[in-house]
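See below for the structure under consideration.
The values are calculated or read from the model by the stated rules, or taken from the named source; none is laboratory data. What you see is a predicted model, and the numbers here were worked out from it, not measured in a lab. Neighbour counts are summed over all protein chains in view; Cβ atoms, including those assigned to glycine, are modelled from backbone coordinates with ideal geometry.
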Amino acid sequence: MPSTVVVNTTPYEGQKPGTSGLRKKVKVFLQENYTENFIQSILDANKDSIVGSTLVVGGDGRYLLKEVVQKIIKISAANGVAKLLVGQHGILSTPAVSCIIRKYKTLGGIVLTASHNPGGINNDFGIKFNCSNGGPAPDNTTNEIYKLTTEIKQYKIVPDIDCPIDKLGVYDFTVDDRTFTVVIIDSVNDYVTYMKEIFEFPKIKALIQGSDQRKPFNVLIDSMHGVTGPYVKRIFLEELGATESNVSRINPLEDFGGAHPDPNLTYAADLVNAVKKGDFDFGAAFDGDGDRNMIIGRDAFFVTPSDSLAVLANNLHHIPYFQRTGIHGYARSMPTAAAVDRVAKKNGKEIFEVPTGWKYFGNLMDAGRLSLCGEESFGTGSDHVREKDGVWAVLAWLSVVAATGRSVQEILEQHWQEFGRNYFTRYDYEECASAPCNEMMTYLEKKITETGFVGSVHTSGGKTYVVKLADNFSYMDPIDQSVAMKQGLRIIFEDGSRIVMRLSGTGSSGATVRLYIDSYEASNVTGDAQVMLKPLIDVALDISKLQAYTGRDAPTVIT
Ligand code: G1P
Ligand code: ZN
């Protein structure tokens with residue numbers, strides 16, 4: 001009979017979950033006991049409820065996934081977990097994990113992903129714990145997990161369990177006289193069933209297939225060799241009548257085919273070019289774990305995620321789920337452009353501004369105050385689960401197109417006519433040296449919080465900006481009153497334009513600086529964002545001395 005073995009171990013430094021879980025190079029996870037320590041600490045952080053519990057386990061298909069799934073099975077068995085629901089081949093998208101946790105009311109789940117970071121032996125892996133509401137663990141839980149990793153002396157494991165995770169089925173093991181069950185579940189079934197409840201699939205199918213009166217709405221859906229491949233196959237090819245020419249890269253690969261599985265204009269350039277060249281009305285791409293989305297229209301007309309959020313907010317009534325639940329409030333992360341705020345105002349709904357990271361939306365959703373939210377970083381989602389959801393966002397967009405009969409560009413232009421336009425761009429300076437970036441943030445915080453900065457005048461490109469407010473953003477959760485400090489430096493000008501700067505919390509090495517620029521125009525709505533925002537970008541570079549501190553004269557990625 002398989003039985004528990006207690007293994008002595010010592011703590012590793014730096015097992016602190018970032019914006020979204022613990023992300024490190026694969027080689028770091030491969031160190032002796034490194035992964036075991038972290039998994040044991042997750043279970044210990046739940047020690048009051050772990051015995052007899054059920055957990056969901058799955059990830060995005062990247063290198064190391066299957067090995068870590070096996071470790072989780074063995075360590076869970078030793079810690080008294082009663083049942084694991086594991087995606088076949090270890091595959092579950094992040095929103096699917098959230099869906100399954102909620103559907104089967106489990107204690108939580110362990111998501112194995114480094115999201116949009118590259119995969120493969122020389123790249124990243126990640127482990128994230130989600131709670132019983134289906135959402136990423138809040139700060140107090142991740143802090144507790146981190147504390148446990150600094151004190152860990154032993155972990156428990158059942159080395160003799162061998163579970164065939166490639167084969168669907170229910171596998172019972174007798175461990176120390178208890179029954180421990182692993183259910184290998186279909187990776188897509190529960191999620192697809194749910195999508196069919198949320199959306200009107202026949203309408204989307206009619207859009208994609210066309211009719212005598214209307215030609216097919218030609219979509220190109222790009223999974224970037226990430227986890228959404230099997231979901232796209234089932235939903236688009238088998239349910240919605242799309243054909244092979246409508247999908248791309250739908251086979252998950254351990255290294256995402258060597259690409260960076262991040263759906264933005266730089267890393268999803270293949271999709272952008274294909275839509276530009278081809279006769280496509282719509283293009284979409286997802287990241288490695290399927291929670292991010294990018295939407296483009298005909299000729300690769302780009303929809304910024306901030307606008308995508310605002311457009312969906314204004315059109316939720318076309319979606320059956322919201323017809324049933326009603327529309328509660330909206331929310332966005334602080335750096336996200338404020339376009340959705342205007343929709344909230346028009347519709348008389350609450351709007352919340354939270355720190356970067358999906359975990360900050362969960363409490364508001366659980367309290368019934370939030371229906372739709374998003375981040376500028378290609379994250380859009382609703383209270384149907386507690387993660388952002390790429391496939392959901394595409395189905396939502398197709399529902400709006402089907403209901404309005406308009407093209408993506410027409411939808412946007414009409415939105416801007418009604419609400420004005422928040423021009424937005426983000427500059428990423430990836431993998432800079434950490435020390436000078438930290439110095440820059442310290443320098444900038446000091447500068448913008450000194451007396452005299454508010455009211456100061458900044459001129460560039462014929463434009464003049466007067467500082468109205470400048471701070472390091474902090475947030476008090478309206479539901480549990482928990483406080484998150486130092487969430488990004490922001491400078492807000494009299495005309496509502498904003499400069500935001502923060503350091504990434506998801507990188508696995510070095511520092512990534514993110515510079516966000518948001519500027520509102522009531523009537524001049526069809527300009528080019530980079531041209532429109534140039535004066536404010538120059539002001540930001542000047543105030544922050546970013547180029548001197550980072551040694552970079554251009555960003556790695558411009559969105
Ligand atoms: C980034 C995004 C953030 C998102 C997170 C997880 O975090 O900026 O909006 O929630 O990835 O997908 P960052 O690297 O900026 O800390
Ligand atoms: Zn992701």
Legend entry - Hits in region 47-75 (condition: within 17 Å of Ile157 (Cβ to Cβ) and in a loop (DSSP other than H, G, I, E, B)): Lys47, Ile50, Val51
Inset, instruction - Hey, can you tell me all the residues within region 42-66 that are closer than 29 Å to Pro261 by Cβ and either free of Cβ contacts under 8 Å to residues at least 24 places away in the same chain or touching a Pro at 6+ places or on another chain (Cβ under 9 Å) (or both)? - result: Asp60, Gly61, Arg62
Legend entry - Boolean, Gly374 is part of a strand (DSSP E or B), out of contact with any Ser or Thr (no Cβ under 7 Å at 6 or more places or on another chain) and closer than 30 Å to Tyr104 by Cβ: no
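Pick from region 332-376 the residues that are acidic (Asp, Glu) and surrounded by fewer than 24 Cβ atoms within 10 Å (Cβ to Cβ): which of them is farthest from ligand 1 (Cβ to nearest atom)? First the steps, then the outcome.
Step one: list which residues in region 332-376 are acidic (Asp, Glu), which gives 341, 350, 353, 366, 375-376.
Next cut, surrounded by fewer than 24 Cβ atoms within 10 Å (Cβ to Cβ) only: 341, 350, 353, 366.
Details: Asp341: 17, Glu350: 21, Glu353: 13, Asp366: 18 Å.
Step by step, filter region 332-376, then rank; the result is Glu350.
A quick yes/no check of all residues on (1) within 30 Å of Leu503 (Cβ to Cβ); (2) assigned to a strand (DSSP E or B); (3) touching a helix residue (DSSP H, G or I) at 6+ places or on another chain (Cβ under 9 Å); (4) within 16 Å of ligand 2 (Cβ to nearest atom):
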| site | (1), (2), (3), (4) |
| --- | --- |
| Asp299 | no, no, yes, no |
| Ser306 | yes, no, yes, no |
| Asn315 | no, no, yes, no |
| Lys388 | yes, no, yes, yes |
| Trp392 | yes, no, yes, yes |
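Scanning for something assigned to a helix (DSSP H, G or I), modelled with pLDDT of 95 or more and among the basic types (Lys, Arg), does region 79-86 turn up at least one residue? Give the derivation first.
So in region 79-86, the residues assigned to a helix (DSSP H, G or I) come out as none.
Scanning region 79-86 turns up no residue that is assigned to a helix (DSSP H, G or I), modelled with pLDDT of 95 or more and among the basic types (Lys, Arg).
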Legend entry - Among (1) in contact with a Pro (Cβ under 8 Å, 6 or more places away or on another chain); (2) part of a strand (DSSP E or B); (3) of a type in the set (D, E, K, R), the one test that Lys156 misses: (1)
Inset, instruction - Could you tell me which residue of region 377-404 is farthest from ligand 1 (Cβ to nearest atom), considering only residues that are among the small types (Gly, Ala, Ser) and buried (at least 24 other Cβ atoms within 10 Å of the Cβ)? - result: Ser399
Inset, instruction - Sort out which residues of region 17-34 are crowded, with 24+ Cβ neighbours inside 10 Å and among the polar types (S, T, N, Q), and write them in order of number. - result: Ser20
Inset, instruction - Within region 263-279, identify whether any single residue is over 28 Å from Ala339 (Cβ atoms) and out of contact with any Lys or Arg (no Cβ under 9 Å at 6 or more places or on another chain), and answer yes or no. - result: yes
Inset, instruction - Identify, by number, the condition in (1) at negative phi; (2) surrounded by fewer than 24 Cβ atoms within 10 Å (Cβ to Cβ) that Ser93 doesn't meet. - result: (2)
Inset, instruction - Considering only region 504-537, state which residues are under 24 Å from Arg342 (Cα atoms) and either within 16 Å of ligand 1 (Cβ to nearest atom) or in a loop (DSSP other than H, G, I, E, B) (or both). - result: Leu515, Tyr516, Ile517, Asp518, Ala522, Ser523, Asn524, Val525, Thr526, Gly527, Asp528
Inset, instruction - Determine whether region 103-114 contains at least one residue that is within 16 Å of ligand 2 (Cβ to nearest atom), of a type in the set (Ser, Thr, Tyr), more than 21 Å from Gly505 (Cβ to Cβ) and not in a strand (DSSP E or B). - result: no
Inset, instruction - Would you be able to say whether some residue in region 221-233 is under 21 Å from the mean Cα position of the chain (by Cα), under 24 Å from Ile121 (Cα atoms), within 16 Å of ligand 1 (Cβ to nearest atom) and at pLDDT below 95? - result: no
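Residues checked against (1) of a type in the set (A, V, I, L, M); (2) without any contact (Cβ under 8 Å) to a residue 40 or more places away in the chain; (3) on the phi > 0 side of the Ramachandran plot:
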| site | (1), (2), (3) |
| --- | --- |
| Gln481 | no, yes, yes |
| Gln487 | no, no, no |
| Glu494 | no, yes, no |
| Val513 | yes, no, no |
| Ser544 | no, no, no |
| Arg552 | no, no, no |
| Ile558 | yes, no, no |
Legend entry - Among (1) of a type in the set (Phe, Trp, Tyr); (2) within 21 Å of the chain's Cα centre (by Cα); (3) away from ligand 1 (no atom under 16 Å from the Cβ) - the single one Phe301 does not satisfy: (2)
Inset, instruction - Read through the list (1) within 21 Å of Val391 (Cβ to Cβ); (2) in contact with an Asp or Glu (Cβ under 8 Å, 6 or more places away or on another chain); (3) surrounded by fewer than 24 Cβ atoms within 10 Å (Cβ to Cβ); (4) in contact (Cβ under 8 Å) with a residue 40 or more places away in the chain, then give the number of the only condition that Gly288 fails. - result: (3)
Inset, instruction - Could you check Ile448 against (1) crowded, with 18+ Cβ neighbours inside 10 Å; (2) part of a strand (DSSP E or B); (3) more than 29 Å from the chain's Cα centre (by Cα) and say which number it fails? - result: (2)
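When you check Pro2 against the structure, is it buried (at least 19 other Cβ atoms within 10 Å of the Cβ) and out of contact with any Leu (no Cβ under 9 Å at 6 or more places or on another chain), yes or no? So that I can check it myself, show each step before the final result.
Working: buried (at least 19 other Cβ atoms within 10 Å of the Cβ): no; out of contact with any Leu (no Cβ under 9 Å at 6 or more places or on another chain): yes.
So Pro2 does not fit the description; no.
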Inset, instruction - Looking only at region 394-432, count how many residues are part of a strand (DSSP E or B), of a type outside the set (Val, Ile, Thr), out of contact with any Lys or Arg (no Cβ under 7 Å at 6 or more places or on another chain) and within 23 Å of Asp262 (Cα to Cα). - result: 5
Inset, instruction - Please find, within region 268-285, the residue that is nearest to ligand 1 (Cβ to nearest atom) out of those that are outside any loop (DSSP other than H, G, I, E, B), crowded, with 21+ Cβ neighbours inside 10 Å and of a type in the set (Gly, Ala, Ser). - result: Ala285
Inset, instruction - Provide a single number: the residues in region 67-97 that are among the aliphatic types (A, V, I, L, M), within 27 Å of Gly229 (Cβ to Cβ) and more than 16 Å from ligand 2 (Cβ to nearest atom). - result: 7
Legend entry - Residue identified as closer than 27 Å to Val192 by Cα, modelled with pLDDT under 95 and either more than 22 Å from the chain's Cα centre (by Cα) or not acidic (Asp, Glu) (or both) among Asn117, Asn140: Asn117
Inset, instruction - Kindly list the number of the only condition in (1) under 26 Å from Ser93 (Cβ atoms); (2) among the aromatic types (Phe, Trp, Tyr); (3) at pLDDT 95 or above that fails for Phe301. - result: (1)
Inset, instruction - May I ask you to verify whether Asp307 is among the charged types (D, E, K, R), in contact with a His (Cβ under 8 Å, 6 or more places away or on another chain) and in contact (Cβ under 8 Å) with a residue 12 or more places away in the chain? - result: yes
